[in-house]
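The values are calculated or read from the model by the stated rules, or taken from the named source; none is laboratory data. Bear in mind that the values here come from a model prediction, so they are computed numbers and not experimental data. No Cβ is skipped: glycine too gets one built from the backbone with ideal geometry, and neighbour counts run over all protein chains shown.
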Amino acid sequence: MEKGYKKLRVYAEAHKLTIAVYQITENFPKSEVFGLTSQMRRAAVSVVANILEGQARSGKKEFKQFLFVANGSLVELEYYFELARDLGYISAAEYGHLEMQRRTTGSLLGGLIKHLKLDT
């Protein structure tokens, strides 16, 4: 039986974003392994982890709280992507791809939060 979170489109998009972040940070300078590489990866994983943990909770109020944390991590990623581009670690095209994936995830996350607010 499929886990409940796997039915959520926001999970699928957040997972794609996390994979993209891991792949792109493979090419970052080794000097960033404990800096920007780590920060970007942790923020991306936090988005997915908070969606999953929130969905596993019994109440909608708790679920929303975890979704707000996930949204905060998405905002962090917005800056990290900009910083990586400005430092020359990623190209403008890579930045565009990451930012598009982040916005798609954010849009779905916002829709889910709104749905839960209306449903309570």
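Which residues, taken from the stretch 1-19, are of a type in the set (Lys, Arg) and modelled with pLDDT under 95? The answer is LYS3, LYS6, LYS7, ARG9.
Has the stretch 25-47 got any residue that is at pLDDT 95 or above, touching a Leu at 6+ places or on another chain (Cβ under 9 Å) and within 19 Å of LYS117 (Cβ to Cβ)? No, there is no match, as no residue in the stretch 25-47 is at pLDDT 95 or above, touching a Leu at 6+ places or on another chain (Cβ under 9 Å) and within 19 Å of LYS117 (Cβ to Cβ).
Condition check for LYS117 on (1) loosely packed, with under 14 Cβ neighbours inside 10 Å; (2) without any contact (Cβ under 8 Å) to a residue 24 or more places away in the chain; (3) within 22 Å of GLU53 (Cβ to Cβ): one failure, at (2). Residues satisfying the criterion are absent from the stretch 77-94 (criterion: hydroxyl-bearing (Ser, Thr, Tyr), in contact with a helix residue (DSSP H, G or I) (Cβ under 7 Å, 6 or more places away or on another chain), touching a residue at least 12 places away in the same chain (Cβ under 8 Å) and under 16 Å from GLY110 (Cα atoms)).
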